[in-house]
Amino acid sequence: MNLLSLVVSYLKAKPLNTLLNIVLLALGIAVITILLLFSNQLKEKISDNTKGIDLVVGAKGSPLQLILCNIFHIDFPTGNIKLYEADRLAKHRLVKSAIPLALGDSYQNFRIIGTNRQYMELYKAELASGDWWNADMEVVVGDNAAKLLQLKEGDKFESSHGLTKEGSAHEAHPFLVKGILKKTSSVIDNLIFTNIFSIWSVHDEHDGEKHTADSMSNPSRLVPSVESSDSTKEITSLLIKYRNPIAALQLPRYINSQTSMQAASPSFEAARLFSILGVGVEAMTGFAYVIIFISALSIFIALYNSLKERQYDLAIMRSMGASKSKLFMTTLMEGTTLTFLGSIIGLALGHGVLYLFTALVEESQKTGISAMIFYVEEVYLLVGSIVLGIICSLIPAFQAYRTDIHKVLAGN
Amino acid sequence: MSGIFRRSGISSKTGMIKTRSLSYSYCAEGKIQFTDLTIQTGEQFLLLGESGSGKTTLVHLLGGLLRSQQGTIEVHGTDITKLSESALDRFRGQHYGFIFQRNHLISALSVEKNLLMAPFLAGLKQDKERVAEVLNQLGIGVKQHAAIRELSLGQAQRVAIARAILNKPSVILADEPTSALDDKNCDRVSDLLMSIAEQNKATLVIATHDQRLKNKIKNLIQL
């Protein structure tokens, strides 16, 4: 016999009460755990994906949309910008580097991005197999996209117009898979890459009048295979890195007021996005705390009520030599055992639900959120719930401490 | 043995339990004055009196369940009225076995665990063989692992007796152990208590208004 086995026996003696208390707390803890895992990982993903990009320049529209489309590849493009305008901006003295993006096609919901190798360097992408694209209509496929589409080197596929499955197929222009990328846990895992000219040639009715670089008088800086003065060519956006801090002050204002294009800062828009999402997260967290509060109340009531039934147990234990503080400890341990079990199960439940979610919902796999990541906050949750157990068993424990053995044993 | 025990010295073989000018009052006017008691080691005493005569109060005072307001209670040479709260708790656990009218078993625990609570709370070694031995002695060895709710009233009473004597206490205090029982069971329980106390060489004090016990125990204190 020891105190723990006594406490466990008491909890087992009322299985339904015990179950209710544990489930209530576990539910609250699980919700908090899921939110914690979700928002922490989302924050990490956002900062990972925006690393090295100071400014996104695209057609005028919603700045948030511009970021969502061109960095996270979830929203639709705001429109196109003229290549020659983008070219002019790329040569600006405050711009250190500029990466062009051309969007518009997809294959089975996975976006095909027309860009150059600089983009791959930005995300430190490495080839798992095969080679980079060299010629037009050659693609390199991100790790997750390759897995889900079951693509391998040498495969051919026809893209469809637009960014959803429903778009019409470009049957005349099949893409050839040249390489597969290593897993990076960033957005590029879910993308397919090619050069910009391929995106154009899929869409142009009268196929590419492509020039070789040396035959051109003034090749475009962004897409060297066309003339920089070519006014027919358009791209979706430009990812810019500043040359110096002054650029952060001058460049966005210059672009927004002096050109027909729009500039949006990823970090600013991500923060704005997070504050929008934050309202939802806060509401859910508040809800979870309400559940936890109710569970604490329920544990308190259960302990308080059981004291009445157990006053003889307590008195007889005193008569057998138990000190007052031992009775105090017993009640305290009962409360903390409940909250400890509740929070352990809650943490497991949180990870479990997220695991099922990521395993079953295909869209969630694209976000790269994992259920098997553990944060230090979870330890705080555990410690916090033990403290909660102490708090809600404090009054019952004090009652147990004060049990008047003479009165209880004399008054039949 | 506790330090307190040694300090006071095991000088008195003269009296296992000795009270001097003991009194207790629940309210200003109702003061109960107890006659001085001297009970020798191994003696069996009956405290007889009507309800409200102070039997339970005296048993609780003797057992250290209730703090006396006046007078001294010496048990095995230790004045328990002078002990601190925690020393008294320890003393109770190591020297007393209590039996009450209702058995007060902990229903969440099995018979065996109920019995093991006694050495656990007294800070003594927990010995399952001793549990089996005592249960067999009382004829309920088969119930060692039973749940409390599976016991009949008589069996539960015997488990309570087993719990009281498990630690081989030097004093067994029983408060109305038979008043809820019919004649046959009254006989059995009182015989059991007396023989168990004798076997363990323990002092037995039974407080009761049950006149049936008068024939069995000759040492009588009328309250």
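Just to be sure, is B:S23 within 14 Å of another protein chain (Cβ to nearest Cβ) and not charged (D, E, K, R)? Outline the logic, then answer.
Working: within 14 Å of another protein chain (Cβ to nearest Cβ): no; not charged (D, E, K, R): yes.
Spelling it out, it is not the case that B:S23 is within 14 Å of another protein chain (Cβ to nearest Cβ) and not charged (D, E, K, R).
The lone criterion from (1) in contact (Cβ under 8 Å) with a residue 12 or more places away in the chain; (2) surrounded by 20 or more Cβ atoms within 10 Å (Cβ to Cβ) left unmet by A:G321 is number (1). Candidates are the residues of region B:101-111 that are farther than 17 Å from A:L4 by Cβ and over 17 Å from the mean Cα position of the chain (by Cα); the one that is modelled with the highest pLDDT is B:V111. Of the helices (runs of 4 or more DSSP H) lying entirely inside region A:293-412, those containing at least 1 residues that are of a type in the set (D, E, K, R) and over 39 Å from the mean Cα position of the chain (by Cα) are A:311-319, A:324-360, A:405-410. Considering A:L64, A:L4, A:L42, A:L19, the condition of being without any contact (Cβ under 8 Å) to a residue 12 or more places away in the chain, aliphatic (A, V, I, L, M), surrounded by fewer than 19 Cβ atoms within 10 Å (Cβ to Cβ) and assigned to a helix (DSSP H, G or I) is satisfied by A:L19 alone. For region A:258-271, state whether one or more residues are among the polar types (S, T, N, Q), more than 21 Å from A:I81 (Cα to Cα) and part of a helix (DSSP H, G or I). Within region A:258-271, one or more residues are among the polar types (S, T, N, Q), more than 21 Å from A:I81 (Cα to Cα) and part of a helix (DSSP H, G or I).
Can you name every residue in region B:177-198 that is outside any loop (DSSP other than H, G, I, E, B) and in contact (Cβ under 8 Å) with a residue 40 or more places away in the chain?
Within region B:177-198, the subset outside any loop (DSSP other than H, G, I, E, B) is B:183-198.
B:L192, B:L193, B:M194, B:I196, B:A197, B:E198, listed by residue number.
Within region B:40-85, the only residue that satisfies the criterion of being under 25 Å from A:G411 (Cβ atoms), free of Cβ contacts under 8 Å to residues at least 24 places away in the same chain and hydroxyl-bearing (S, T, Y) is B:T81. Screening B:L115 with (1) at pLDDT below 95; (2) within 14 Å of chain A (Cβ to nearest Cβ) gives one miss only, at (1). Within region A:245-278, being within 28 Å of the chain's Cα centre (by Cα), among the hydroxyl-bearing types (S, T, Y) and within 19 Å of A:K60 (Cα to Cα) holds for A:S265, A:S267.
Summed over region B:92-102, the residues that are crowded, with 22+ Cβ neighbours inside 10 Å and either over 21 Å from B:I17 (Cβ atoms) or touching a strand residue (DSSP E or B) at 6+ places or on another chain (Cβ under 9 Å) (or both) give a count of 7. Scanning region B:65-102 for residues that are at the interface with chain A (Cβ under 9 Å from one of its Cβ atoms) and in a loop (DSSP other than H, G, I, E, B) gives B:L65, B:L66, B:R67, B:F100, B:Q101, B:R102. Considering only residues in region B:118-154 that are in a loop (DSSP other than H, G, I, E, B), of a type in the set (G, A, S) and within 24 Å of A:L409 (Cα to Cα), the one that is farthest from the other protein chains (Cβ to nearest Cβ) turns out to be B:S152. Only a single item in (1) modelled with pLDDT under 90; (2) not in a helix (DSSP H, G or I) is not met by B:A207, and it is number (1). Within region A:1-35, the set of residues being under 27 Å from the mean Cα position of the chain (by Cα) and of a type in the set (S, T, Y) comprises A:T33 only.
Picking from A:D105, A:D136, A:D87, which residue would you name as being in a loop (DSSP other than H, G, I, E, B) and touching a Ser or Thr at 6+ places or on another chain (Cβ under 6 Å)?
Details: A:D105 fails: in a loop (DSSP other than H, G, I, E, B); A:D87 fails: in a loop (DSSP other than H, G, I, E, B).
Among A:D105, A:D136, A:D87, only A:D136 is in a loop (DSSP other than H, G, I, E, B) and touching a Ser or Thr at 6+ places or on another chain (Cβ under 6 Å).
Any residue at all in region A:158-172 that is at pLDDT below 90 and touching a Pro at 6+ places or on another chain (Cβ under 8 Å)? Looking for residues that are at pLDDT below 90 and touching a Pro at 6+ places or on another chain (Cβ under 8 Å), one finds at least one in region A:158-172, hence yes.
Put simply, of A:I99, A:I67, A:I74 the only residue that is in contact with a Phe, Trp or Tyr (Cβ under 7 Å, 6 or more places away or on another chain) and under 24 Å from A:N256 (Cβ atoms) is A:I99.
Residue under question is A:T18, and the condition is that it be under 28 Å from A:L356 (Cα atoms) and within 14 Å of chain B (Cβ to nearest Cβ); does it hold? When the stated conditions are applied, A:T18 passes them.
Out of the residues in region A:255-266 that are touching a residue at least 60 places away in the same chain (Cβ under 8 Å) and surrounded by 15 or more Cβ atoms within 10 Å (Cβ to Cβ), state the one that is farthest from A:L55 (Cα to Cα). Ranking the qualifying residues of region A:255-266, first place goes to A:T259.
Would you say A:P77 is in contact with a strand residue (DSSP E or B) (Cβ under 6 Å, 6 or more places away or on another chain) and in a strand (DSSP E or B)?
Working: in contact with a strand residue (DSSP E or B) (Cβ under 6 Å, 6 or more places away or on another chain): yes; in a strand (DSSP E or B): no.
For A:P77, the condition - in contact with a strand residue (DSSP E or B) (Cβ under 6 Å, 6 or more places away or on another chain) and in a strand (DSSP E or B) - is not met.
The values are calculated or read from the model by the stated rules, or taken from the named source; none is laboratory data. Just so we're clear, the structure is a prediction, and the values are computed from it rather than from any experiment. Neighbour counts are summed over all protein chains in view; Cβ atoms, including those assigned to glycine, are modelled from backbone coordinates with ideal geometry.
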